[in-house]
Amino acid sequence: MSGAALPLRAGLPRLRPGLWLACAVLALVFAWAVAPSLFTARSPVEGIPGAQLLPPSWAHPLGTDGLGRDQLARVVYGARESLAGAFVAVAVGLLLGTGLGVLAGARGGWVDAAVMRLVDTLLAIPALLLSLSIIILLGFGSIKAAVAVGIVAVAQFARLSRAEVLRVRASDYVEAAFGSGGRFAAVLWRHVLPNSLTSVLALAALQFGSAILALSTLGFLGYGAPPPTPEWGLLIAEGRDFLARAWWLTASPGLVVVLVVLSAERIGRGIGGPSP
Amino acid sequence: MMARHLAQRVGQALLVLAATFTLAFLLLQALPGDAVLIKFLELGLTPDQLAEIRLAYGADAPLWRQYLHTAGGFLTGNFGTSIRAGVPVAQLLAENLPATLLLAALAFAAASLLALLLAGLATLGGQSWLRGLVRSVPSLFVAVPVFWLGIMLIQLFSFQLGWISIISPEPWEELALPVATIAVPISAPLAQVLIRNIDAVLAEPFVAVARAKGASHAWVLRWHVARNALLPTLTMAGVLFGELLGGAVVTEAVFGLNGLGGLTQQAVANQDVAVLQAIVVVSAAAFVLINLAVDLLYPVLDPRLARGRRAA
């Protein structure tokens with residue numbers, strides 16, 4: 001778990017136990033999102049009358065909430081909301097960011113200068129405030145919150161992909177490709193993009209974790225999916241009202257978020273690329 | 001040479017500031033259309049009254065005039081009027097800023113101590129298993145949602161242990177948990193950078209030379225490691241500031257504290273764009289100024305850089 005990875009091995013996927021565990025955690029949570037009914041027979045939105053705030057038991061492994069809803073079902077179904085949001089966020093950041101970065105790196109000149117000043121501007125606004133500004137513009141909702149989180153990630157993707165394009169462009173084989181008459185777009189597609197892919201993928205994995213965190217924060221503040229949608233941040237916010245009587249309601253979704261974010265970060269580092 | 005570098009750097013900072021203001025204006029004032037209209041439509045005013053209010057808020061002017069007007073206001077410290085509270089935004093900021101700054105400053109101090117402790121244990125700690133374990137702590141700290149950490153701390157220290165009363169807390173009791181909540185995630189990137197720097201410095205030839213000459217461990221730490229490992233953390237100041245502010249916003253929401261965070265939350269809930277615009281621009285200005293100060297101070301603190309520039 002050394003912080004400074006050896007540069008020689010950075011490109012190889014290191015299959016250590018921690019990485020396997022991270023993959024297993026993410027696989028499980030993805031399975032929750034795809035087929036939640038395989039993991040719980042209970043409804044995430046309909047409560048059982050008279051079964052409010054039960055402590056964890058065999059029937060309800062994570063207890064029940066203030067409306068008698070099974071907490072495990074809420075957490076399992078919540079994976080769909082949180083993972084879908086994180087995917088949208090990373091897709092927005094990745095597409096816009098790499099688009100801008102590749103454009104800047106490939107074109108150079110004033111285009112480069114303009115894009116990089118835009119990136120500086122995005123980085124100058126604290127991440128939470130930037131996403132809140134976009135939310136005030138778009139309104140509340142899970143997709144809107146996801147887009148807001150994605151826009152925050154644009155700057156990092158743009159920076160990385162621009163640096164990658166500049167790095168690959170300076171290499172001999174790209175020189176050779178141009179020298180042998182390769183057209184600009186073709187060289188970009190065949191040589192620059194594949195060679196930048198690893199580090200962009202690594203960043204995407206890291207950003208996936210950050211997006212889960214940011215989305216849960218927005219959900220907690222009430223700007224994401226409206227109740228009774230099971231969303232992890234919202235679950236924590238709802239559980240807060242019963243903190244003195246039922247601590248497991250806030251503890252369980254929070255622990256799931258921590259595990260998912262840790263796993264995404266571990267996989268991002270495993271792919272290799274920018275060190276955290 | 002130096003003067004040119006200074007002018008270039010200041011010019012760049014001003015450019016980013018202007019661009020940030022423009023972005024905030026576009027996002028919050030131009031694109032949403034008529035925030036004033038949305039707000040007052042709910043009150044069921046007559047068209048005449050609406051027109052009057054729009055005139056009063058300057059919402060009827062063409063966009064470029066609104067832009068110039070708002071920009072002029074920001075330059076002179078007039079951040080507009082809060083639609084919700086009906087008072088100048090500058091007044092709201094002045095009321096709420098001190099509490100948040102105090103919280104952020106205390107949290108930063110706590111985070112620095114925590115980061116130094118972690119970095120010390122991770123690089124100089126006795127057993128190798130301990131060093132390895134401590135090295136994975138920052139990753140964990142980054143993965144914890146701030147708001148959840150706050151709630152868990154309340155659960156642990158107020159409900160389980162009963163150390164911190166919720167009903168009528170002493171001033172230190174009121175701040176202890178929020179400070180800890182913000183400090184934990186902030187300490188993580190600091191600790192990571194410190195660990196990396198200390199590792200790098202300990203592997204430097206000059207450390208080996210100093211040891212070979214008979215320098216003690218403490219001497220090496222004091223004269224080689226401390227300076228070389230601490231200085232680069234300065235470059236993180238701007239990013240940490242943004243994280244502190246974001247952390248404070250969320251933490252104030254969790255603990256029900258008054259401050260910039262509460263103000264931000266209300267502004268988003270009420271679509272009070274003028275307030276959010278001012279908060280965004282002011283915090284971006286702070287970020288840009290911090291980075292500018294670090295850039296200009298760094299060669300002064302690290303003579304190697306100044307020499308390098310003069311030689312070049």
**Q.** From the options B:Q271, B:Q265, residue that is facing chain A (nearest Cβ under 10 Å) and on the phi < 0 side of the Ramachandran plot
**A.** B:Q265
Q) If we scan segment B:247-262, do we find a residue that is of a type in the set (G, A, S), over 10 Å from the mean Cα position of the chain (by Cα) and at the interface with chain A (Cβ under 10 Å from one of its Cβ atoms)? A) yes
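Of everything in segment A:128-166 that's of a type in the set (V, I, T) and in contact with a Ser or Thr (Cβ under 6 Å, 6 or more places away or on another chain), which residue is surrounded by the most Cβ atoms within 10 Å (Cβ to Cβ)?
Filtering segment A:128-166 for residues that are of a type in the set (V, I, T) and in contact with a Ser or Thr (Cβ under 6 Å, 6 or more places away or on another chain), the one surrounded by the most Cβ atoms within 10 Å (Cβ to Cβ) comes out as A:V149.
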Q: Could you please find all residues in segment A:175-217 being within 14 Å of another protein chain (Cβ to nearest Cβ), of a type in the set (F, W, Y) and farther than 24 Å from A:G272 by Cβ?
A: none
Q) Is it the case that A:S57 is at negative phi and under 27 Å from the mean Cα position of the chain (by Cα)? A) no
Q) Can you name the residue in segment B:255-293 that is among the polar types (S, T, N, Q) and over 18 Å from A:A124 (Cα atoms) and, of all such residues, is surrounded by the fewest Cβ atoms within 10 Å (Cβ to Cβ)? A) B:N258
Q.
Would you confirm whether or not segment A:204-216 contains a residue that is in contact (Cβ under 8 Å) with a residue 24 or more places away in the chain, crowded, with 24+ Cβ neighbours inside 10 Å and among the β-branched types (V, I, T)?
A. yes
Q: Please specify each residue of segment A:225-247 satisfying the condition of being more than 10 Å from every other protein chain (Cβ to nearest Cβ), more than 17 Å from B:A253 (Cβ to Cβ) and among the hydrophobic types (A, V, I, L, M, F, W, C).
A: A:A225, A:F242, A:A246
Q) Does segment B:195-202 contain any residue that is more than 12 Å from chain A (Cβ to nearest Cβ), surrounded by fewer than 19 Cβ atoms within 10 Å (Cβ to Cβ), without any contact (Cβ under 8 Å) to a residue 60 or more places away in the chain and part of a helix (DSSP H, G or I)? A) no
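Would you kindly identify the helices (runs of 4 or more DSSP H) lying entirely within segment A:113-228 that contain at least 2 residues that are of a type in the set (S, T, Y)?
On the way: elements: A:127-138, A:142-169, A:172-179, A:184-187, A:193-221.
Of the helices (runs of 4 or more DSSP H) lying wholly inside segment A:113-228, those with at least 2 residues that are of a type in the set (S, T, Y) span A:127-138, A:142-169, A:193-221.
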**Q.** Residue identified as of a type in the set (G, A, S) and touching a residue at least 40 places away in the same chain (Cβ under 8 Å) among B:A208, B:A215, B:A269, B:A274
**A.** B:A274
Q) Just one of B:A208, B:A226, B:A215, B:A176 is over 30 Å from A:A155 (Cβ atoms), in a loop (DSSP other than H, G, I, E, B) and out of contact with any helix residue (DSSP H, G or I) (no Cβ under 7 Å at 6 or more places or on another chain); which is it? A) B:A215
Q: Kindly indicate whether A:G85 is under 30 Å from A:G47 (Cβ atoms), touching a Ser or Thr at 6+ places or on another chain (Cβ under 7 Å) and not in a loop (DSSP other than H, G, I, E, B).
A: yes
Q) Which of the residues that make up segment B:93-115 are more than 30 Å from B:T81 (Cα to Cα) and surrounded by fewer than 17 Cβ atoms within 10 Å (Cβ to Cβ)? A) B:A109, B:L113
Q) Residue check, A:V149 against (1) touching a Phe, Trp or Tyr at 6+ places or on another chain (Cβ under 9 Å); (2) under 23 Å from B:Q265 (Cβ atoms), all met but one. Which one? A) (1)
**Q.** segment A:97-116 - residue that is of a type in the set (A, V, I, L, M) and under 21 Å from A:N195 (Cβ atoms) and, of those, farthest from the chain's Cα centre (by Cα)
**A.** A:A106
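Test B:A18 against the criterion of being within 11 Å of chain A (Cβ to nearest Cβ), over 14 Å from A:R117 (Cα atoms) and either surrounded by 13 or more Cβ atoms within 10 Å (Cβ to Cβ) or modelled with pLDDT of 70 or more (or both), and give yes or no.
Here the answer is no, as B:A18 does not meet what is asked.
Of everything in segment A:124-142 that's more than 7 Å from chain B (Cβ to nearest Cβ) and modelled with pLDDT under 90, which residue is nearest to B:L15 (Cα to Cα)?
Once the filter is applied, the top-ranked residue is A:L138.
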Q) Is segment B:229-240 home to any residue that is within 13 Å of chain A (Cβ to nearest Cβ) and touching a residue at least 60 places away in the same chain (Cβ under 8 Å)? A) yes
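When residues of segment B:139-148 are filtered for being part of a helix (DSSP H, G or I), facing another protein chain (nearest Cβ under 8 Å) and not small (G, A, S), how many remain?
Residues meeting the conditions: 5.
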(Q) I'd like the residue in segment B:116-155 that is farther than 22 Å from A:G268 by Cα and of a type in the set (S, T, Y) and, out of all such residues, is surrounded by the fewest Cβ atoms within 10 Å (Cβ to Cβ). (A) B:S128
Q: Exactly one condition in (1) under 30 Å from B:Q271 (Cα atoms); (2) of a type in the set (G, A, S); (3) more than 10 Å from every other protein chain (Cβ to nearest Cβ); (4) part of a helix (DSSP H, G or I) is not met by A:S252; state its number.
A: (1)
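The values are calculated or read from the model by the stated rules, or taken from the named source; none is laboratory data. The structure presented is a predicted model; accordingly, all values stated were derived computationally and were not measured. Positions of Cβ are backbone-derived with ideal geometry, glycine not excepted, and every protein chain shown enters the neighbour counts.
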